[in-house]
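Take a look at the structure below.
The values are calculated or read from the model by the stated rules, or taken from the named source; none is laboratory data. Quick caveat, the model's predicted, so the values are computed rather than measured. Here the Cβ is made from the backbone with ideal geometry for all residues, glycine too, and neighbour counts use every protein chain on show.
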Amino acid sequence: MKRQDYLIIKGLDIKELELKVKTLRQDLEGLVLEKNRNVLKDLKSISKKKKDISQVLTVIKQKQLLAQLEPKIEKGDKK
């Protein structure tokens, strides 16, 4: 995933990111099947796809943690 793609992903909301993970996992399944049938030429594409999935999952986790912390921060500001 290029830097520009990563910045775009950081701008998406959680639902869109989960959809992105689902499509990336389907792509990964296809690549693994191609590898098992000896059709896949570029074996690094599997590891690249796994890296993309982990980056999207990391952004999802960051957004979830930020959403949990925001109410706590607001409560602290009111005092």
- Residues satisfying the stated conditions in segment 50-72, i.e. of a type in the set (Gly, Ala, Ser) and either under 14 Å from LEU12 (Cα atoms) or modelled with pLDDT under 95 (or both): ALA67
- If a residue has to be modelled with pLDDT of 95 or more, farther than 24 Å from LYS61 by Cβ and surrounded by 12 or more Cβ atoms within 10 Å (Cβ to Cβ) to count, how many in segment 33-49 make the cut? 3
- Counting only residues that are part of a loop (DSSP other than H, G, I, E, B) and either of a type in the set (Phe, Trp, Tyr) or in contact with a Lys or Arg (Cβ under 8 Å, 6 or more places away or on another chain) (or both), segment 14-68 contains a total of 1
